[in-house]
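*Asks:* Dropping a structure here in structure tokens format, bear with me for questions.
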Amino acid sequence: MLSLESITKTTQDWLLAKFTPTLALTIECVIVILLAITLFAVLGLVLVLLERKVAARIQIRLGPNRVGPGGIFQTAADTLKLIMKEGLTPDTADKFLFNLAPFIVMMVAMLLLAPIAFAKNFQIWDINIGVLYISAISSLSVIGILMAGWASNNKYSLLGAMRSGAQIVSYELSAGFAVLTIVVLTGSLQISEIVASQENGWWLFKGHIPVVIAFVLYIIAVTAETNRAPFDLAEAESELTAGFHTEYSGMKFALFFLAEYINIFIVCAIGATLFLGGWMPLHFGHWEGFNHIMDYIPSSVWFMGKTFLLIFLIMWFRWTFPRLRVDQLLNLEWKYLLPISLFNLLLVTVIAIMGWHF
Amino acid sequence: MYNQTEIIKDTTELGPEGELVVNMGPQHPATHGVLHLVVTLNGETIKKIEPHLGYIHRSIEKMCESLTYRQFIYVTSRMDYLSSHINNTACALLVEKGMQIEVPERAKVVRTILNELTRIASHELWIGAMAMDLGAFTPFFYAFREREMITEIMEDTCGARLTMNYIVPSGLMYDIHPEFQTKVKAFIKQFKEKVTEYEDLVTGNIIFQSRTKGVGVLTPEDAISYGCSGPVARASGVSCDMRKIAPYDAYDKVEFDEIIETAGDSFARYMVRVKEMNQSIRIIEQLIDNIPEGDFVGKTKNVLKLNKGEFYQRVETARGELGVYVVSEGGTTPYRIKFRSPGFSNLSVLDHIANGSKIGDLMATMGTLDLVIPDIDR
Amino acid sequence: MTNEEIKAYISSHAPEATFDETGEWLNITVDANSLKSLTTALLGQPMEMNYLFNLTCVDWKNHLTMVYHLSSTIHRHPIVLKVNLDRNTPSIETLCFTWRTAEMLEREVFEMFGVQFLNHPDLRNLILEEETPKGIDASKGYWPLRKDFEDPINMIKL
């Protein structure tokens, strides 16, 4: 059966047969980098188009429908336009930091790709502290945003960056605790082991109510962490025109834009991995026939399907809810989400120790 | 206007104790036009709001002094462009009052229906724009679906979609479109079915409620003292509906309620406008089947000359009380004309009620004050 | 409250007041000096004229007339208060402590007619730019809504 696993295995065998192990590893690295960049470009295009189509559907519109059949080349055309545009740097801006910021945001998004399992045995780096790595790296993106806001030398940008800083630092906690519940249940920080532990049922189903709570908390926290509506205070266009990227134009703006969508993809991928079993097919206890049919669906399709389901959920939020105010946003985290997640973690620990989960 | 250097000077100077002075506008997504607010901030908290007007000042009052009583009506469409019909009605009523012309019943009823349709259209646009200020994009498109039906009715009847110029002294410019009644009935049917869609999306939403409840509270005393009118004052519990106090056209023949809320916050202002739309539908329903036959315009001389004296006409636009004050010397043009625009007074209260709140609250407050900048600047 | 009662009440506070009942509402002309005390009296019981719904000025070529349209949200008896001012040095007490709405309206009258409002907290141009445009002698006054105003650039003459 042609699967991503067999392709990688064949490639590696062939490379090892032809070259020395060091050279083979180098070539593999180059291939991985190229694939990652391609994935980024394709994801950016697909997600932007998806968002516009979802928005249009919700808003009783048609959405982009002129460039290509059904408007599928619309984002490609938009990207082309952004590349052609002048990347303006304001006179009073701190030019070095101003130009560096979009790349930092982008690089952080790229680094997060490493431990994600896209399909069965198809992973860039199965690091044994995968979950910790994700939590650590994802909090770096705030540096890029703060840098952009500060270096722009614009009051709107500064306010947006400060809001974003407060927001990401706060919601990191809830997201971390939500992730920890699964770590406690699995007993491992490694992504592949977390996925393997869900072979006979996803954690969302077999982890009782605390995992459901953790899942809800996770979705809320990552929506805030990626600066998506209803938590898009950092770029609240009716208040701060465009927040931290007010002064950016052309490709530098496009990098911020792309990084936002990549971040959404990554947090949804992690959510799918931790709570919805990653690439694991849907299995129900003793329904042998049903489970067998589910196994026929490729693991990559399962992973992408779950991820895009979560992405759709987050897009649905954006086009339905109004924006929160900055004090309400912080109240929500520090007064409600954080105590709930602390208590929830305690509950999960008890469940894990007593072995009450399935 | 404020020249370039002045704007930069404003933005780069730091106030005492690290206060931040931010220019909101003239080009800002939330000011809906060219309103320029100089906002002094301390962190996220607003210390002072200073409106700078005049970016769209067209000197309509001075212009009207050289226009005849037939011409000056059309300039007023450009003041509050969202309720241009009602502005035109105010001017026509004033001329009719000054010349003591009788208006045919048919014209009166049609005017009332069109005024109420204009009010609904204005409130529809406001709901969309205000939700957008608060970060919800979707209600805008739902509201515009219904507003589109109204603009189509207007297009059939008046030939224009925004600045109608359909009202003339002593009646209407021409008779209504043959399909006017069927189209208005179709609109009423659609509106009643669909209004729940975006009401559910906005009114019951917990984020929307927490963003608007208790935000920008205006007490009844302040509302009166600041000269607020329309939904802004009614949300504070002040009865000020000109359609009830000084009925004009066919308003004395229809039954409707003056919507009054007492909370005085942004949510109350929102609720007043939403309920007002239903009252407007009620008025239209009472009149649409009872448009009297007869002339649509009374007989007047070609050249209109007002009697010597002073005349004042108050009407209720979608934003509040519009007053037209004309000093006539008996000639063909007004000697002095003054438009008391509702937005001007409603804007003056902004600093008072938004002071001390967050930037996000300013958007909610400003959104529910429903400011139309050409109306303020004139 | 009937017009006669209003007349009697105003006469007791401003004896020099003259009345004109030809228009829709009662017109009252008072002196600039007694305006402040009269408006304070009107705001209180029993008149409760708490709603200033219009404030403007009319240029009569030989004098200016301030026009205040007042009403009460309780009794609903609109009256028109008028004050004649000298055209060369027009000045009058501000009413923005009696009715807050007067603050912005008076700023507009100040820039359009050149009326000085005494004790006004923030008497600046509201709509027009702060500096008079080039080619205009500001010392002679630059008040667009006065009848003798001539804009050398954009004036349209009939």
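*Asks:* Which residues, counting only those in the stretch A:74-86, are touching a helix residue (DSSP H, G or I) at 6+ places or on another chain (Cβ under 9 Å) and either of a type in the set (Ser, Thr, Tyr) or surrounded by 13 or more Cβ atoms within 10 Å (Cβ to Cβ) (or both)?
*Replies:* A:Gln74, A:Thr75, A:Ala76, A:Asp78, A:Thr79, A:Leu82, A:Lys85
*Asks:* Here's something else I'd like to know. Looking at the stretch C:136-143, can you tell me whether even one residue there is surrounded by 10 or more Cβ atoms within 10 Å (Cβ to Cβ) and either touching a Leu at 6+ places or on another chain (Cβ under 7 Å) or modelled with pLDDT of 80 or more (or both)? Spell out how you get there, then give the answer.
*Replies:* Filtering the stretch C:136-143 down to residues surrounded by 10 or more Cβ atoms within 10 Å (Cβ to Cβ) leaves C:136, C:141-143.
In the following step, the residues that additionally are either touching a Leu at 6+ places or on another chain (Cβ under 7 Å) or modelled with pLDDT of 80 or more (or both) were identified as C:143.
Looking through the stretch C:136-143, at least one residue is surrounded by 10 or more Cβ atoms within 10 Å (Cβ to Cβ) and either touching a Leu at 6+ places or on another chain (Cβ under 7 Å) or modelled with pLDDT of 80 or more (or both).
*Asks:* Every residue in the stretch B:231-254 that is within 12 Å of chain C (Cβ to nearest Cβ) and touching a Leu at 6+ places or on another chain (Cβ under 9 Å), please. Steps first, please.
*Replies:* Going through the stretch B:231-254, the residues within 12 Å of chain C (Cβ to nearest Cβ) turn out to be B:233-234, B:236-242, B:244-246.
Correct list: B:Ala233, B:Ser236, B:Met242.
*Asks:* Residues to consider are C:Lys147, C:Lys82; find the one that is at pLDDT below 85 and either out of contact with any Ser or Thr (no Cβ under 6 Å at 6 or more places or on another chain) or within 12 Å of chain B (Cβ to nearest Cβ) (or both). Steps first, answer last, please.
*Replies:* Values: C:Lys82 fails: at pLDDT below 85.
Checking each option against the conditions leaves just C:Lys147.
*Asks:* State the number of residues belonging to the stretch B:52-94 that are closer than 26 Å to C:Asn125 by Cβ, of a type in the set (Val, Ile, Thr) and within 14 Å of chain C (Cβ to nearest Cβ).
*Replies:* Counting residues in the stretch B:52-94 that are closer than 26 Å to C:Asn125 by Cβ, of a type in the set (Val, Ile, Thr) and within 14 Å of chain C (Cβ to nearest Cβ) gives 3.
*Asks:* Which residue is nearest to the chain's Cα centre (by Cα), if the candidates are limited to the stretch A:215-274 and must be within 14 Å of chain B (Cβ to nearest Cβ) and among the β-branched types (Val, Ile, Thr)? Steps first, please.
*Replies:* Start the filter on the stretch A:215-274 by keeping residues that are within 14 Å of chain B (Cβ to nearest Cβ), which leaves A:220, A:223-224, A:227-243, A:246-247.
Restricting the remaining residues to those that are among the β-branched types (Val, Ile, Thr) gives A:220, A:223, A:241, A:246.
Working: A:Ile220: 13, A:Thr223: 10, A:Thr241: 25, A:Thr246: 23 Å.
The selected residue is A:Thr223.
*Asks:* Could you grab me the full set of residues in the stretch C:97-119 that are within 11 Å of another protein chain (Cβ to nearest Cβ), part of a loop (DSSP other than H, G, I, E, B) and surrounded by fewer than 23 Cβ atoms within 10 Å (Cβ to Cβ)?
*Replies:* C:Phe97, C:Thr98, C:Arg100 - these are the residues of the stretch C:97-119 that are within 11 Å of another protein chain (Cβ to nearest Cβ), part of a loop (DSSP other than H, G, I, E, B) and surrounded by fewer than 23 Cβ atoms within 10 Å (Cβ to Cβ).
*Asks:* From the residues in the stretch A:142-163 that are of a type outside the set (A, V, I, L, M, F, W, C) and out of contact with any Leu (no Cβ under 9 Å at 6 or more places or on another chain), which one is surrounded by the most Cβ atoms within 10 Å (Cβ to Cβ)? Working first, answer last.
*Replies:* Restricting attention to the stretch A:142-163, the residues satisfying the condition of being of a type outside the set (A, V, I, L, M, F, W, C) are A:144, A:149, A:152-157, A:160, A:163.
Now drop any that are not out of contact with any Leu (no Cβ under 9 Å at 6 or more places or on another chain), which leaves A:153-154.
Working: A:Asn153: 16, A:Asn154: 22.
The selected residue is A:Asn154.
*Asks:* Could you count how many residues in the stretch B:86-114 are within 20 Å of the chain's Cα centre (by Cα) and not polar (S, T, N, Q)?
*Replies:* Keep residues of the stretch B:86-114 that are within 20 Å of the chain's Cα centre (by Cα), which gives B:86-94, B:110-114.
Among the residues that remain, those that are also not polar (S, T, N, Q) are: B:86, B:90-94, B:110-111, B:113-114.
Going through the stretch B:86-114 one residue at a time, the tally reaches 10.
*Asks:* For the subset of the stretch B:202-223 comprising residues that are surrounded by 24 or more Cβ atoms within 10 Å (Cβ to Cβ) and within 14 Å of chain C (Cβ to nearest Cβ), which member is nearest to the chain's Cα centre (by Cα)?
*Replies:* Filtering the stretch B:202-223 down to residues surrounded by 24 or more Cβ atoms within 10 Å (Cβ to Cβ) leaves B:202, B:208, B:211-212, B:216, B:218, B:223.
If we keep only those that are within 14 Å of chain C (Cβ to nearest Cβ) too, we end up with B:218, B:223.
Numbers: B:Leu218: 19, B:Ala223: 17 Å.
Going through the qualifying residues, I end up with B:Ala223.
*Asks:* Where in the stretch B:273-378 are the helices (runs of 4 or more DSSP H), entirely inside, with at least 2 residues that are among the β-branched types (Val, Ile, Thr) and either within 13 Å of another protein chain (Cβ to nearest Cβ) or in contact (Cβ under 8 Å) with a residue 24 or more places away in the chain (or both)?
*Replies:* Values: elements: B:342-348, B:350-354, B:359-369, B:373-377.
Correct list: B:359-369, B:373-377.
*Asks:* Pick from B:Glu152, B:Glu146: which is assigned to a helix (DSSP H, G or I) and surrounded by fewer than 19 Cβ atoms within 10 Å (Cβ to Cβ)? Walk me through it before giving the result.
*Replies:* Working: B:Glu146 fails: surrounded by fewer than 19 Cβ atoms within 10 Å (Cβ to Cβ).
Going through B:Glu152, B:Glu146 in turn, just one is assigned to a helix (DSSP H, G or I) and surrounded by fewer than 19 Cβ atoms within 10 Å (Cβ to Cβ): B:Glu152.
*Asks:* Based on what the data block shows, is B:Arg336 touching a helix residue (DSSP H, G or I) at 6+ places or on another chain (Cβ under 6 Å), within 25 Å of B:Ser77 (Cβ to Cβ) and either surrounded by fewer than 16 Cβ atoms within 10 Å (Cβ to Cβ) or not hydroxyl-bearing (Ser, Thr, Tyr) (or both)?
*Replies:* Details: touching a helix residue (DSSP H, G or I) at 6+ places or on another chain (Cβ under 6 Å): no; within 25 Å of B:Ser77 (Cβ to Cβ): yes; either surrounded by fewer than 16 Cβ atoms within 10 Å (Cβ to Cβ) or not hydroxyl-bearing (Ser, Thr, Tyr) (or both): yes.
Here the answer is no, as B:Arg336 does not meet what is asked.
*Asks:* Name the single residue that is nearest to the chain's Cα centre (by Cα) among those in the stretch A:278-312 being small (Gly, Ala, Ser) and under 16 Å from A:Phe205 (Cα atoms). Reasoning before the result, please.
*Replies:* Of the residues in the stretch A:278-312, the ones small (Gly, Ala, Ser) are A:278, A:285, A:289, A:299-300, A:305.
Next cut, under 16 Å from A:Phe205 (Cα atoms) only: A:278, A:285.
Working: A:Gly278: 13, A:Gly285: 30 Å.
This residue is A:Gly278.
Residue-wise test of (1) under 30 Å from B:Ile288 (Cβ atoms); (2) modelled with pLDDT under 85; (3) of a type in the set (A, V, I, L, M, F, W, C); (4) not assigned by TED's automatic domain parsing to the domain that holds B:Lys47.
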position	(1), (2), (3), (4)
B:Phe191	yes, no, yes, yes
B:Tyr198	yes, yes, no, yes
B:Phe208	no, no, yes, yes
B:Arg211	no, no, no, yes
B:Pro220	no, no, no, yes
B:Ser229	yes, no, no, yes
B:Ala233	yes, no, yes, yes
B:Gly237	no, no, no, yes
B:Asp241	yes, no, no, yes
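*Asks:* A further question follows. I want to confirm something. Restricting to the stretch A:173-211 and keeping residues that are in a helix (DSSP H, G or I) and aromatic (Phe, Trp, Tyr), which single residue is surrounded by the fewest Cβ atoms within 10 Å (Cβ to Cβ)?
*Replies:* The extreme case among them is A:Phe205.
*Asks:* Looking at the stretch A:236-252 only, could you name the residues that are of a type in the set (A, V, I, L, M, F, W, C) and within 23 Å of B:Asp133 (Cα to Cα)?
*Replies:* First pass over the stretch A:236-252, keeping only residues of a type in the set (A, V, I, L, M, F, W, C): A:236, A:240, A:242, A:244, A:251.
Matches in the stretch A:236-252: A:Ala236, A:Leu240, A:Ala242, A:Phe244.
*Asks:* Show the residue pairs that are 6+ apart or on different chains and have beta-carbon atoms under 6 Å apart, the first residue being within the stretch B:146-162 and in contact (Cβ under 8 Å) with a residue 40 or more places away in the chain and under 16 Å from B:Met173 (Cβ atoms), the second being among the basic types (Lys, Arg) and not in a helix (DSSP H, G or I).
*Replies:* Qualifying pairs under 6 Å: B:Met154/B:Arg161.
*Asks:* Something else: Can you tell me how many residues in the stretch C:26-44 are in a loop (DSSP other than H, G, I, E, B) and out of contact with any Asp or Glu (no Cβ under 9 Å at 6 or more places or on another chain)? Let's see the steps before the verdict.
*Replies:* Here is the first cut: in the stretch C:26-44, the ones in a loop (DSSP other than H, G, I, E, B) are C:31-34, C:44.
Narrowing further to those that are out of contact with any Asp or Glu (no Cβ under 9 Å at 6 or more places or on another chain): C:44.
Residues flagged as in a loop (DSSP other than H, G, I, E, B) and out of contact with any Asp or Glu (no Cβ under 9 Å at 6 or more places or on another chain) within the stretch C:26-44 amount to 1.
*Asks:* Just to be sure before I move on: is C:Ala32 among the small types (Gly, Ala, Ser), closer than 24 Å to B:Pro51 by Cα and either facing chain B (nearest Cβ under 9 Å) or surrounded by fewer than 18 Cβ atoms within 10 Å (Cβ to Cβ) (or both) in the structure I sent? Full working, then the answer.
*Replies:* On the way: among the small types (Gly, Ala, Ser): yes; closer than 24 Å to B:Pro51 by Cα: no; either facing chain B (nearest Cβ under 9 Å) or surrounded by fewer than 18 Cβ atoms within 10 Å (Cβ to Cβ) (or both): yes.
Answer is no for this residue.
*Asks:* Among what's in the stretch A:315-358 and is part of a helix (DSSP H, G or I) and among the hydroxyl-bearing types (Ser, Thr, Tyr), pick the residue that is surrounded by the most Cβ atoms within 10 Å (Cβ to Cβ).
*Replies:* Residues of the stretch A:315-358 that are part of a helix (DSSP H, G or I), as a first pass: A:315-318, A:326-354.
Still in the running and among the hydroxyl-bearing types (Ser, Thr, Tyr): A:336, A:341, A:349.
Working: A:Tyr336: 13, A:Ser341: 24, A:Thr349: 15.
Within the stretch A:315-358, the match that is surrounded by the most Cβ atoms within 10 Å (Cβ to Cβ) is A:Ser341.
*Asks:* So which residues in the stretch A:254-306 are surrounded by 21 or more Cβ atoms within 10 Å (Cβ to Cβ) and not in a helix (DSSP H, G or I)?
*Replies:* Scanning the stretch A:254-306 gives A:Leu276, A:Gly277, A:Gly278, A:Trp279, A:Met280.
*Asks:* Report yes if A:Val54 is within 14 Å of chain B (Cβ to nearest Cβ), in contact (Cβ under 8 Å) with a residue 24 or more places away in the chain and either in a helix (DSSP H, G or I) or surrounded by 11 or more Cβ atoms within 10 Å (Cβ to Cβ) (or both), otherwise no.
*Replies:* On the way: within 14 Å of chain B (Cβ to nearest Cβ): yes; in contact (Cβ under 8 Å) with a residue 24 or more places away in the chain: yes; either in a helix (DSSP H, G or I) or surrounded by 11 or more Cβ atoms within 10 Å (Cβ to Cβ) (or both): yes.
Judged against the criteria, A:Val54 is a match.
*Asks:* Next question, about the same structure. Of the numbered conditions (1) within 14 Å of chain B (Cβ to nearest Cβ); (2) hydroxyl-bearing (Ser, Thr, Tyr); (3) touching a helix residue (DSSP H, G or I) at 6+ places or on another chain (Cβ under 9 Å), C:Thr39 fails exactly one; give the number of that condition.
*Replies:* The failed condition is (3).
*Asks:* Now for a separate question. When you look at A:Pro90, is it more than 30 Å from A:Ile270 (Cβ to Cβ) and assigned by TED's automatic domain parsing to the domain that holds A:Phe312, yes or no?
*Replies:* Working: more than 30 Å from A:Ile270 (Cβ to Cβ): yes; assigned by TED's automatic domain parsing to the domain that holds A:Phe312: yes.
In short, yes.
*Asks:* Something else: Just one of (1) within 14 Å of chain A (Cβ to nearest Cβ); (2) in a helix (DSSP H, G or I) trips up B:Ala136, so point out which.
*Replies:* It is condition (2) that B:Ala136 fails.
The values are calculated or read from the model by the stated rules, or taken from the named source; none is laboratory data. Since we're looking at a predicted model, the values are computed, not measured. Cβ sites come from the backbone with ideal geometry, for glycine too, and all protein chains shown count toward neighbours.
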